[in-house]
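The structure appears right after this line, and notes come after that.
What follows is calculated from the coordinates using simple rules that are stated; it is not laboratory data. Note that the structure is a prediction, hence the values are computed from the model and not measured. Neighbour counts are summed over all protein chains in view; Cβ atoms, including those assigned to glycine, are modelled from backbone coordinates with ideal geometry.
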Amino acid sequence: VTDAPCAGFDEKLAADIKIEPSDPMPDAYRKTLIRQISQHAHSEIVGMLPEGNWITRAPTLKRKAILLAKVQDEGGHGLYLYAAAETLGVSRDTMVAALLDGSAKYSSIFNYPTLSWADIGVIGWLVDGAAITNQVPLCRCSYGPYARAMVRVCKEESFHQRQGYDLLVAMMKGSPAQRAMVQEAVDRWWWPVLMMFGPHDQDSVHNGTSMKWGIKRFSNDDLRQKFVDATVPQAEVLGVTLPDPDLKWNAERGHYDFGAIDWEEFWQVVKGNGPCNRERMAARIKAHEDGAWVREAARVHAEKKIARPTH
Ligand code: ACO
């Protein structure tokens, strides 16, 4: 990987002008974008699985319609993101192959199980809430196609976050058993959600270069803090306790302090040893194999269209 200067690249970055696919760019910039955008796309696609698990068991027709729409949105986000990465010269086949052979990462959070209906609300509120915190600054990312894709993704994510909170508000107004179900789900998801933002800044290998290149606009720790600060008051309104005895307002810093994250758990999940990693990969491999006939039909159709005489 070279980091040689490219004509006009630094000037565009300095002037906050988007880098477009045909512009000269350093190899390392291209590679890091392919890495991040493809991992982001894989996260959206694998992220359909934990919630898809509840579509047939949603408690009402309304909740089922909402959940169906949300899971479909995530599939759409994955497709925009694959398309954005393709503009950098990588094929979708290559990216999908890297997901399926385990060499590409996807977000750690999607390797946790959805055990109760409250998990669907908590994923919307906390997982999508964390995703928005991370993704809103990506709308200002220096690479044009990624930044533009993020605008629509963020609007849809914000609907996802609200539907999750609304679901939880409804459950918290219900029976003591429903309220207990919400609290139990919050207890299980809180720490894995904080891990979504990635390692602490001092352990983040890509942070320095990605910030320099305007791919990331805030560091992992800054985004995590922003998320905690925004979420604590929402938890109070909802009436749930966040499972961290060290969580408290620090007037001097003007932020909430919070407890230590279990990085051993994080790296185990990233390495493939989380509670659902194997199940998620098996589901994606099966979907890919089951879809072989669709790819084949599309290929034959495209060939026929080319061969058809034009009038
Ligand atoms: N899950 C899995 N892997 C992670 C996670 C996580 N939560 N956080 C960091 N990592 C990986 C990185 O991908 C990197 O691995 P790599 O070198 O093999 O690519 C390694 O850990 C070190 O991390 P960083 O140096 O901090 O990596 P980076 O600067 O890329 O920051 C981050 C990580 C914040 C996730 C960044 O890539 C990003 O903002 N991505 C776009 C958003 C995204 O992918 N969201 C997915 C979840 S949201 C959703 O899908 C609804």
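For the stretch 75-162, relative contact order (Cα pairs under 8 Å, six or more residues apart, normalised by length) works out to 31 percent. What is the projected area of the convex hull of the Cα atoms of the stretch 115-211, averaged over all directions, in nm²? Approximately 7.0 nm², given one-decimal rounding. Comparing Asn277, Asn250, Asn53 in a Gaussian network model of the chain, where Cα atoms under 10 Å apart are tied by springs, the biggest mean-square fluctuation is seen for Asn250.
So which residue, out of Gln36, Gln163, Gln268, gets the largest mean-square fluctuation from a GNM of the chain using Cα contacts under 10 Å as springs? Of Gln36, Gln163, Gln268, the most mobile in the Gaussian network model is Gln268.
A convex hull fitted to the Cα coordinates of the chain yields 172 cubic angstrom per residue. The Cα-based radius of gyration of the stretch 1-114, divided by its Kirkwood radius, gives an Rg/Rh of 1.11.
Kindly rank 224-237, 114-127, 71-84 from highest to lowest mean number of other beta carbons found within 10 Å of each residue. Kindly include the intermediate steps, with their values, before the conclusion.
Values: 224-237: 16.7, 114-127: 23.9, 71-84: 18.9.
In descending order of packing, they fall as 114-127, 71-84, 224-237.
Taking every alpha-carbon pair under 8 Å whose residues sit at least 6 apart, the chain reaches a relative contact order of 18 percent. The slack between Val205 and Lys155, meaning 0.36 nm per residue of separation minus the straight C-alpha distance, is 15.0 nm. Which of the helices in the chain meet the span-like rule: DSSP H, Cα axial reach of 18 Å or more, Kyte-Doolittle mean at least -0.5? What comes out of the filter, once short or polar helices are dropped, is 61-86, 144-172, 176-195, 220-238, 292-307.
Taking only the Cα atoms of the stretch 98-164, the radius of gyration and Dmax are 13.9, 40 Å. Multiplying the residue separation of Arg140 and Asp166 by 0.36 nm and subtracting their alpha-carbon distance yields 6.5 nm. So what is the diffusion coefficient of the stretch 213-311 in µm² per second by Stokes-Einstein at 20 °C and 1.002 mPa s, using a Kirkwood Rh over Cα pairs? In µm²/s, the coefficient rounds to 112. Relative contact order for the stretch 115-213: 37 percent, from Cα pairs under 8 Å spaced at least 6 residues apart, divided by residue count. Label 7 Å along Cα→Cβ of Ala14; the stretch 211-228 residues with amide nitrogen under 17 Å? Under cut-off, by backbone N: 212-214.
What ranking of Lys155, Lys216, Lys304 emerges when the number of other C-beta atoms within 10 Å of each C-beta is taken as an exposure proxy, fewest first?
Lys304, Lys155, Lys216
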